[in-house]
Amino acid sequence: MINNKKEFELIFWVHLFLIIFSYLSFFYLDWKLIFFGVVLLQIYYFLRGGCDLTFAEFGDDKDITFVWYYLRKLSPNLNQKTTKIFVRYILPVFLILISFLSQKLMGYTPFINF
């Protein structure tokens with residue numbers, strides 16, 4: 001069950017900031033740190049069953065993702081399962097690939113280099 005009373009409050013902004021911060025991490029973090037972070041995040045999702053911020057905002061429904069819930073407002077027919085797979089698995093792999101390619105093959109040096 002989705003709890004609509006907490007939309008766009010502090011937890012939304014914290015969650016959004018963390019997502020943007022992580023999606024832009026290839027600018028400031030070494031690809032090895034990003035890889036390590038993605039692995040840790042996947043372990044966390046496996047052990048917890050999802051994101052604690054999402055649970056705090058929407059309850060303990062493990063099928064709801066932050067991104068799906070808010071993108072659904074723009075596209076009501078957005079598939080929940082497909083969005084979850086894309087956000088949890090495809091985007092992290094893409095983030096690792098883009099960071100590796102930009103740093104190793106194109107010579108970009110991030111601010112925090114390992």
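Overview of results
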{"read-out": "Accessible area of the chain divided out per residue, in Å², using a probe of 1.4 angstrom", "value": "68"}
{"read-out": "Most mobile of Ser102, Ser22, Ser75 in a GNM of the chain (Cα contacts under 10 Å)", "value": "Ser75"}
{"read-out": "Listed residues Ile34, Ile96, Ile20, most fluctuating in the chain (Gaussian network, C-alpha, under 10 Å)", "value": "Ile20"}
{"read-out": "Reachable aspartates and glutamates, given that their alpha-carbon falls under 17 Å from the alpha-carbon of Lys62 and they are not under 8 places away in the same chain", "value": "Asp52"}
{"read-out": "Reach of Lys104 by Cα under 19 Å, taken over aspartates and glutamates that are not fewer than 8 positions away in the same chain", "value": "Asp30"}
{"read-out": "Rg over Rh [alpha-carbon atoms, Kirkwood Rh] for the chain", "value": "1.01"}
{"read-out": "Length-normalised contact order of the range 3-114 in % [C-alpha pairs under 8 Å, at least 6 apart]", "value": "42"}
{"read-out": "Label point distance in nm, Thr82-Phe94, each placed 7 Å from Cα along Cα→Cβ", "value": "1.4"}
{"read-out": "Cβ-Cβ FRET estimate between Leu105 and Gln42, R0 fixed at 30 Å, reported to 0.05", "value": "0.75"}
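The values are calculated or read from the model by the stated rules, or taken from the named source; none is laboratory data. For clarity, every value in this text was computed on a predicted model and none was experimentally measured. Please note: Cβ atoms are built from the backbone with ideal geometry, for glycine as well, and neighbour counts cover all protein chains shown. For accessibility, only protein heavy atoms count, side chains too; no ligands or nucleic acids. Shrake-Rupley method; radii C 1.70, N 1.55, O 1.52, S 1.80 Å.
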